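Asker: Let me begin by handing over the structure; questions about it come next.
The values are calculated or read from the model by the stated rules, or taken from the named source; none is laboratory data. Note that this is a predicted model, so its numbers are computed, not measured. Here the Cβ positions follow ideal geometry from the backbone for every residue, glycine too, while neighbour counts run over all protein chains shown.
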Amino acid sequence: PIDIFSLKIEPFEPSMRIDTAGLLPVTLIPGDSLKIPVCFIPEEIRKIVRFGIAVNSFNLTDNIISFQGEGVAPLVESVKLDWQKERTSTDHDSIVTFVNHGNYDAFVNYLSASGDTSLLSSMAEFSLPYNLRPFIDTLRIRTKFIPAATAAYHSDYALEVTNWKQHKPITLTLDGVGTQPTITTLNVDFDTVSYRKSKESTAIVITSGGNEDLTIDTMILATGDISSFIIDPQYLGSKKMQPNMNFALPVRFAPTHLGLNTAEIFVIHDALPAFKRDTARIVLRGFAVNIDTLNYSFDMTLPTSLFACASDTIVIDLKNTGNRPLDFQSIVSSSINVTIIPVSILHFLTVSKQEQCLLISGKKEQK
């Protein structure tokens, strides 16, 4: 007979639980055997091998006992696809791939969808269920992103492994941001300039906005009195503007005729969905006058007759006929047979082409 005192296993393996309670020590006579319960609870997907010996009364060391087991499970990871920034109304297709990194088949099934599924869509519902074998199969699901506006979009598609309750949830996550630039144009008013003279301006004419760079293909001085507005062609070429930027355009106004001079600049840009083109307009405006003149007209309206000792009104009409302001300060009158009642007036300033009417009472003397 031989006495078995204990089992010695090195290194220690927590997933293998050997229950020798009440079994050791034991004496075995020739031909006897001993069954020892071993519970294998793997916590990882891997193969485990351990060796041990039975400590005995004869100190025999060639009685090697082997313990072997392999932890198996399917392992399918969640997938996230981020399109980041894409222009509104553009169509973007992509395929996401699921792989079973485990060592056991995974029966993948569709559960539900949430979020912006109409704009961030997938064919998950129509691609499942699927038996995803480890290291052999790949599950390919087609996805699509069509941003409708300048906003952030998000959608989730929930999947599950139906043949492995302990498998964590699987999610197909789709993200994307719709982008589009905006453009604001501003007109330039040069006010009044003397004919044959010029005036320069470097005013802001374009402001970009939105959440994407603005592309300007070209700027064209197209209609109106284009010869009255002088622009260096280098400023009219193509350009890109980041959001919230300003573009100032140097322009010289040299009127070619008297009066109002106007012209339009056409700005061809891409501030539309799907990179479509549109035309914005910048209006250039200026007024040309003759060289400074100081003139006025004086008209007086008299009654056809005056009764003795009765008063009536004389209307005096003053008009500035020049192109500079005039400062009228007083009116001095003289008369025969009529008494003009003095009227004190405050001086007044008239601008070009402005009229001013005064009413002055008079009384005829009785002879």
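Asker: Can you name the residue in the range 116-126 that is closer than 30 Å to residue 271 by Cα and over 20 Å from the mean Cα position of the chain (by Cα) and, of all such residues, is surrounded by the most Cβ atoms within 10 Å (Cβ to Cβ)?
Answerer: Per the criteria, the residue is 122.
Asker: Give me the pairs, please: first residue somewhere in the range 107-125 and in contact (Cβ under 8 Å) with a residue 60 or more places away in the chain, second residue anywhere and assigned to a loop (DSSP other than H, G, I, E, B), beta-carbon distance under 7 Å, and either six or more positions apart or on two chains.
Answerer: Filtered contacts from the range 107-125: 108/128; 108/129.
Asker: Turning to a different aspect of this structure: Taking residue 290 as the residue in question, decide whether it is under 30 Å from residue 221 (Cβ atoms), touching a Ser or Thr at 6+ places or on another chain (Cβ under 9 Å) and at pLDDT 70 or above.
Answerer: In short, yes.
Asker: Right, another one. From the list 107, 98, exactly one residue is more than 30 Å from residue 277 (Cβ to Cβ) and crowded, with 17+ Cβ neighbours inside 10 Å. Which is it?
Answerer: 98
Asker: Do we find a residue being modelled with pLDDT under 70 and within 52 Å of the chain's Cα centre (by Cα) anywhere in the range 295-313?
Answerer: There is no residue in the range 295-313 that is modelled with pLDDT under 70 and within 52 Å of the chain's Cα centre (by Cα).
Asker: Can you tell me which residue among 91, 82 is over 19 Å from residue 11 (Cα atoms), acidic (Asp, Glu), in contact (Cβ under 8 Å) with a residue 24 or more places away in the chain and touching a strand residue (DSSP E or B) at 6+ places or on another chain (Cβ under 6 Å)?
Answerer: 82
Asker: From the set of residues in the range 240-253 that are surrounded by fewer than 19 Cβ atoms within 10 Å (Cβ to Cβ) and aliphatic (A, V, I, L, M), which is nearest to residue 186 (Cα to Cα)?
Answerer: 248
Asker: Given (1) modelled with pLDDT under 95; (2) farther than 16 Å from residue 108 by Cβ; (3) of a type in the set (Asp, Glu), identify the lone condition not met by residue 175.
Answerer: (1)
Asker: Then there is this: Take the residues in the range 186-212 that are in contact with a Ser or Thr (Cβ under 8 Å, 6 or more places away or on another chain) and of a type in the set (S, T, N, Q), then tell me which one is farthest from residue 245 (Cα to Cα).
Answerer: 211
Asker: Of all strands (runs of 3 or more DSSP E) completely enclosed by the range 14-116, which ones contain at least 3 residues that are among the basic types (Lys, Arg)?
Answerer: 79-87
Asker: Related question: So which residues in the range 238-294 are under 38 Å from the mean Cα position of the chain (by Cα) and of a type in the set (Val, Ile, Thr), if there are any at all?
Answerer: Of everything in the range 238-294, those that are under 38 Å from the mean Cα position of the chain (by Cα) and of a type in the set (Val, Ile, Thr) turn out to be 251, 262, 265, 267, 268, 279, 282, 283.
Asker: Return the total of residues in the range 72-106 being in contact with a Pro (Cβ under 6 Å, 6 or more places away or on another chain) and not acidic (Asp, Glu).
Answerer: The qualifying residues number 7.
Asker: Ok, one more. Looking at the structure I just gave you, is residue 147 touching a Phe, Trp or Tyr at 6+ places or on another chain (Cβ under 7 Å) and crowded, with 16+ Cβ neighbours inside 10 Å?
Answerer: Against the criterion (touching a Phe, Trp or Tyr at 6+ places or on another chain (Cβ under 7 Å) and crowded, with 16+ Cβ neighbours inside 10 Å), residue 147 qualifies.
Asker: Run residue 357 past the list (1) in a strand (DSSP E or B); (2) farther than 30 Å from residue 241 by Cα; (3) modelled with pLDDT of 65 or more; (4) not acidic (Asp, Glu) and report the number of the one that doesn't hold.
Answerer: The one condition residue 357 does not meet is (3).
Asker: While we're here: Against the definition (touching a helix residue (DSSP H, G or I) at 6+ places or on another chain (Cβ under 9 Å) and closer than 30 Å to residue 88 by Cβ), how does residue 247 come out, yes or no?
Answerer: The answer is yes for residue 247.
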